[in-house]
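Everything on this sheet refers to the single structure shown next.
The values are calculated or read from the model by the stated rules, or taken from the named source; none is laboratory data. Being a predicted model, the structure only gives us computed values, none of them experimental. FYI the Cβ positions are ideal-geometry reconstructions off the backbone, even for glycines, and counts take in every protein chain you see.
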Amino acid sequence: MSSNQFGKVAVLFGGTSAERDVSLRSGQAVLDGLRRGGIDAHKFDPKQQPFAELAGFDRAFIVLHGRGGEDGSMQGALQQLQIPYTGSGVLACAMAMDKVRTKLLWAGMGLPTANFEVIDKHTFSQTDCAAIIARLGLPVMVKPANEGSSVGMAKATTDAELQQAIEAALQYDDSVLVEAWINGPEYTVAVIGDEVMPAIQMETDNDFYDYQAKYQSTETRYHCPCDLSADDEQALRRLAHRAFKSLGCQGWGRVDVMRDEAGQWQLLEVNTVPGMTETSLVPKAAKVAGYSFEQLVLTILAMAK
Ligand SMILES: Nc1ncnc2c1ncn2[C@@H]1O[C@H](COP(=O)(O)OP(=O)(O)O)[C@@H](O)[C@H]1O
Ligand SMILES: [Mg+2]
């Protein structure tokens, strides 16, 4: 692969979402990796630079997490500028950003995902938390419909906590997801093109894999290869790939999955622009599959369209 065939490459990172800090770290790593790979790559922070300055770039590597970068809007804007970009297109990004619509689609296709209820900001005052608990049991997980990095999420173990958690999540989004709690191990599966990477198991002593466990803790354990049997690993990878494809995702991404007490996989979400620091999950799994960080970013860049 000749590195200058891609011309002048904009690496989009930073941005304005709640995940700006994570994006700044991911983006810098991608920028450095591309440069080491001989690419004429340049930082582009949509928070600090006018969008029109993107004209003149031949290709864009999107490393913006969350709203405004991972939700289809940037993808649509780049499409209008006729600049090929990495990863999934407008629809797949928008779908994956919206955890409620993602789960509705999976449920409709018969793909496994935990039971859930949706709370709307405008009708929240009439919401009957006891009825939700009667249907989903306790504990439950409360999440804003469109966020990432565990921002605005909380576990609720009582009616009062549920009420509180919903109010907190409504600060981030008009739509909030209440999900049945899954008691069991957690995995994530990276997809690069048509290749599905080995699953990573994440283990934390926190209640769940929250912001602290993701980005600050040195206690979080990552296992890759993990201890699944060959058959289970294959089943998990196949499910993750189906979940990825079902949303129309392409290029690259990462599917989060848990396994409940009955041994059943439960799909959580798809990340269309997952973390990309050198120690993030996608590079970790790719490394086990034989990709160096440079090879990984060059492979993702080459698939831009
Ligand atoms: N239903 C659930 N039961 C138990 N833990 C959950 C559930 N949903 C999410 N989690 C925990 O919360 C973390 C973040 O949830 P996820 O849906 O992946 O959102 P995010 O976009 O913030 O990563 C997961 O990695 C997992 O540890
Ligand atoms: Mg996640």
Worksheet entry | Residues of region 51-83 satisfying the condition of being modelled with pLDDT of 95 or more, surrounded by fewer than 17 Cβ atoms within 10 Å (Cβ to Cβ) and assigned to a loop (DSSP other than H, G, I, E, B) | ASP58, GLN82
Practice prompt. Sort through LYS47, LYS43 and tell me the only one that's outside any helix (DSSP H, G or I), more than 14 Å from ILE300 (Cα to Cα), without any contact (Cβ under 8 Å) to a residue 60 or more places away in the chain and in contact with a strand residue (DSSP E or B) (Cβ under 7 Å, 6 or more places away or on another chain).
Written response: LYS43
Worksheet item: Identify, please: which residue in region 173-192 is more than 13 Å from ligand 2 (Cβ to nearest atom) and touching a helix residue (DSSP H, G or I) at 6+ places or on another chain (Cβ under 7 Å) and is, among those, nearest to VAL142 (Cα to Cα)?
Response: VAL178
Item to complete: Go through (1) assigned to a helix (DSSP H, G or I); (2) surrounded by fewer than 18 Cβ atoms within 10 Å (Cβ to Cβ) and name the single condition ALA165 misses.
Response: (2)
Worksheet item: Residues in region 139-146: is at least one of a type in the set (S, T, N, Q), buried (at least 17 other Cβ atoms within 10 Å of the Cβ) and under 14 Å from ASP210 (Cβ atoms)?
Response: no
Item to complete: Output the residues belonging to region 17-40 that are more than 17 Å from the chain's Cα centre (by Cα), assigned to a loop (DSSP other than H, G, I, E, B) and surrounded by fewer than 22 Cβ atoms within 10 Å (Cβ to Cβ).
Response: GLY37, GLY38
Worksheet item: Under the condition of being free of Cβ contacts under 8 Å to residues at least 60 places away in the same chain, within 16 Å of ligand 1 (Cβ to nearest atom) and not in a helix (DSSP H, G or I), which residue from region 118-140 is farthest from GLU167 (Cα to Cα)?
Response: GLY137
Practice prompt. Could you tell me which numbered condition GLY108 fails, if it satisfies all but one of (1) within 15 Å of ligand 2 (Cβ to nearest atom); (2) surrounded by fewer than 17 Cβ atoms within 10 Å (Cβ to Cβ)?
Written response: (1)
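Taking the condition in the same structural domain as LEU268 (by TED's automatic domain parsing), within 16 Å of ligand 2 (Cβ to nearest atom) and either crowded, with 16+ Cβ neighbours inside 10 Å or closer than 28 Å to GLY263 by Cβ (or both), does ALA199 pass?
yes
Let's see how each residue does on (1) more than 16 Å from ligand 1 (Cβ to nearest atom); (2) modelled with pLDDT under 95; (3) not aromatic (Phe, Trp, Tyr):
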position: ALA235; (1), (2), (3): yes, no, yes
position: ARG238; (1), (2), (3): yes, no, yes
position: LEU247; (1), (2), (3): no, no, yes
position: GLY251; (1), (2), (3): yes, no, yes
position: GLU261; (1), (2), (3): no, no, yes
position: PRO274; (1), (2), (3): no, no, yes
position: THR277; (1), (2), (3): no, yes, yes
position: LEU281; (1), (2), (3): no, no, yes
position: ILE300; (1), (2), (3): yes, no, yes
Item to complete: Could you tell me whether region 204-226 includes any residue that is closer than 19 Å to ALA286 by Cα and touching a Leu at 6+ places or on another chain (Cβ under 6 Å)?
Response: no
Discussion item. Looking for something closer than 22 Å to LYS305 by Cα, of a type outside the set (D, E, K, R) and in a loop (DSSP other than H, G, I, E, B) - is there at least one such residue anywhere in region 107-117?
Written reply: no
Discussion item. Residues that are under 21 Å from SER26 (Cα atoms), within 14 Å of ligand 1 (Cβ to nearest atom), touching an Asp or Glu at 6+ places or on another chain (Cβ under 6 Å) and not aliphatic (A, V, I, L, M): does region 182-204 have at least one?
Written reply: yes
